[in-house]
Amino acid sequence: MKKTAGTVFLDRDGTINEDVGYLSDPDGLVLIEGATKAIRLLNERALKIIVLSNQSGVGRGYYTDAQVDDVNRRLMELLGKEGAKIDGVYYCNHHPDIDCQCRKPLPGLVELAALEHEIDSKKAYMVGDKASDVGLARNIGAKGILVLTGKGASEIEGMEEAPDFIAKDLLDAAAWIIADLERSPL
Ligand SMILES: [Mg+2]
Ligand SMILES: [Zn+2]
């Protein structure tokens, strides 16, 4: 297995692409400005990029797993066109009322990802626009970064624990991660 410099877990909606609310149509996927460049910069550092997404829209009956897969494929395609690569995408499709172990901030998706990728979650970052993303970072011992895109700005107040960094957007988050790695290599 190829040795990497660590892992960056990324939330999807509101972090990489605009959060339009229960996105089910690949044609409705719009990348947030700078997101492609951010992922490319992280790729250049040999960081593994894993997307972790809560897609309760499936459990709520709004759309199907096949539709989520279509949107995820489109995401990879749009990023790939600009030379940005994602190593894996995992999502929770459960209704929030269901007692699953994979809805962020619970660590189930990370455990799933670790079956297929060499991941040391203590040598990782988690970037997202919600308290549940920062909560996941805490739960797995990773550094948590809140982005102010998506729901980020409105999530700050209700957050129980402060993130390690609050970033304007994913590009700002990537710059912070790269600087943080130079300060304290994983
Ligand atoms: Mg989000
Ligand atoms: Zn779940």
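Are any of the residues in segment 167-177 in a helix (DSSP H, G or I), under 15 Å from L47 (Cα atoms), among the β-branched types (V, I, T) and more than 15 Å from the chain's Cα centre (by Cα)?
Scanning segment 167-177 turns up no residue that is in a helix (DSSP H, G or I), under 15 Å from L47 (Cα atoms), among the β-branched types (V, I, T) and more than 15 Å from the chain's Cα centre (by Cα).
Can you tell me which residues in segment 134-146 are out of contact with any Gly (no Cβ under 7 Å at 6 or more places or on another chain) and either of a type in the set (V, I, T) or within 16 Å of ligand 2 (Cβ to nearest atom) (or both)?
G135, L136, N139, I140, I145, listed by residue number.
Identify the single condition in (1) over 28 Å from V20 (Cβ atoms); (2) out of contact with any strand residue (DSSP E or B) (no Cβ under 7 Å at 6 or more places or on another chain); (3) crowded, with 20+ Cβ neighbours inside 10 Å that L79 does not satisfy, given that it satisfies every other one.
So the condition that L79 fails would be (1).
Condition (residue is touching a helix residue (DSSP H, G or I) at 6+ places or on another chain (Cβ under 9 Å), farther than 21 Å from P105 by Cβ and away from ligand 1 (no atom under 16 Å from the Cβ)) applied to segment 47-59: is it met by at least one residue?
yes
Going residue by residue through segment 155-164, is there one that turns out to be farther than 20 Å from A84 by Cα and among the small types (G, A, S)?
yes
Looking for whichever is in contact (Cβ under 8 Å) with a residue 60 or more places away in the chain and over 17 Å from the mean Cα position of the chain (by Cα) here; the options are R45, R60, R12. Which one fits?
Testing whether each residue is in contact (Cβ under 8 Å) with a residue 60 or more places away in the chain and over 17 Å from the mean Cα position of the chain (by Cα) leaves just R45.
Given the conditions (1) β-branched (V, I, T); (2) within 13 Å of the chain's Cα centre (by Cα); (3) outside any helix (DSSP H, G or I), and given that V134 satisfies all but one, which numbered condition is not satisfied?
Result: V134 passes all but (3).
Name, by its number, the condition in (1) assigned to a loop (DSSP other than H, G, I, E, B); (2) free of Cβ contacts under 8 Å to residues at least 40 places away in the same chain; (3) of a type in the set (A, V, I, L, M, F, W, C) that does not hold for L23.
It is condition (2) that L23 fails.
Can you say whether G144 is within 16 Å of ligand 1 (Cβ to nearest atom), part of a strand (DSSP E or B), closer than 14 Å to L52 by Cα and within 15 Å of the chain's Cα centre (by Cα), as far as the supplied structure shows?
In short, yes.
Every residue, every condition in (1) surrounded by 19 or more Cβ atoms within 10 Å (Cβ to Cβ); (2) touching a residue at least 60 places away in the same chain (Cβ under 8 Å); (3) within 16 Å of ligand 1 (Cβ to nearest atom), yes or no:
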site: D87; (1), (2), (3): no, no, no
site: P96; (1), (2), (3): no, no, yes
site: R103; (1), (2), (3): yes, no, yes
site: L112; (1), (2), (3): no, no, no
site: D120; (1), (2), (3): no, yes, no
site: D133; (1), (2), (3): yes, yes, yes
site: L148; (1), (2), (3): no, no, yes
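Among the residues of segment 15-60, count how many are crowded, with 20+ Cβ neighbours inside 10 Å and within 14 Å of D87 (Cβ to Cβ).
Number of matching residues: 9.
Looking at segment 113-124, can you tell me whether even one residue there is modelled with pLDDT under 95, in contact with a Leu (Cβ under 8 Å, 6 or more places away or on another chain), part of a helix (DSSP H, G or I) and more than 18 Å from Y91 (Cα to Cα)?
yes
The values are calculated or read from the model by the stated rules, or taken from the named source; none is laboratory data. Because the structure is a prediction, the values reported are computed rather than measured. Backbone-built Cβ (ideal geometry, glycine too); neighbour counts: all protein chains shown.
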